[in-house]
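Just so it is clear, none of the values below were taken in a lab; they were calculated from the coordinates. Values in this document were obtained by computation on a predicted structure and should not be read as measured data. A quick note on method: Cβ atoms are made from the backbone with ideal geometry, for glycine too, and the neighbour counts reach across all protein chains shown.
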Amino acid sequence: MKEKEAAQTPKAPKRHKILVAEDNPVVRKGLNNFLVKWGYEPIEADNGDTAWNTLETDPGISLAILDWNIPGLSGMQVCQRIRMRTDGPYVYIVIFSARSSIEEQVLALEGGADDYLVKPAKPSLLRARLGVGLRILNLLAGSAK
């Protein structure tokens, strides 16, 4: 009977790995807590060099939240390196920054970011933006079949 029950149990949805590159430990922990609550698998980096190395070694990362102003490589430099790669999966990138000018937002989007959020952002807005990212990733996955 247990085998039959197990077969009927729906599979848990795939937990998408999401890189969180943020040097402020309080902000990083807050993002991490929300992401876990929403069903993501966050991978933390406190600087751009660690973020880049993590992306290079873990092809399972499909989403990234990058602070523009982090030590080492900036979030924008990490973003540009991701876009220059010729192999590996598409990574949906959200730049999460205190830089609030329209010019900087345009620069980030033209530099390869998929989205831009100004700190502090409401968690519901971040969740909705990540949902957009998942829809796009699912479309890309469907077209690759």
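Couple of notes before you dig in:
- Full extension of the segment from residue 107 to residue 69, taken as 0.36 nm per residue of separation minus the current Cα-Cα distance, would add 12.3 nm.
- In the elastic network of the chain, a GNM with C-alpha springs shorter than 10 Å, the most mobile of 103, 56, 41 is 103.
- Excluding same-chain neighbours fewer than eight residues apart, the aspartates and glutamates reachable from residue 17 by a Cα-Cα span under 15 Å are 41, 44, 56, 58.
- Helix 75-84 axis, angle to the chain major axis (alpha carbon atoms, nearest 10°): 70 degrees
- Under a Gaussian network description of the chain, with springs only between Cα atoms under 10 Å, the residue in 119, 17, 37 that fluctuates furthest is 37.
- Helices in the chain, meaning DSSP H runs of at least 4 residues, each add -39500 (n - 2.57). Divided by all residues, the mean residue ellipticity at 222 nm is -15000 deg cm²/dmol.
- When its C-alpha radius of gyration is set against 2.2 N^0.38 Å (N residues), the chain gives a value of 1.12.
- Region 14-28-region 96-125 distance, computed between alpha-carbon centres (Å): 16 Å
- Choice from 124, 62, 74 showing the highest fluctuation, given a GNM over the chain with Cα pairs closer than 10 Å: 124
- Label-point gap, in nm, between residue 24 and residue 58 - each point 7 angstrom along Cα→Cβ: 2.3 nm
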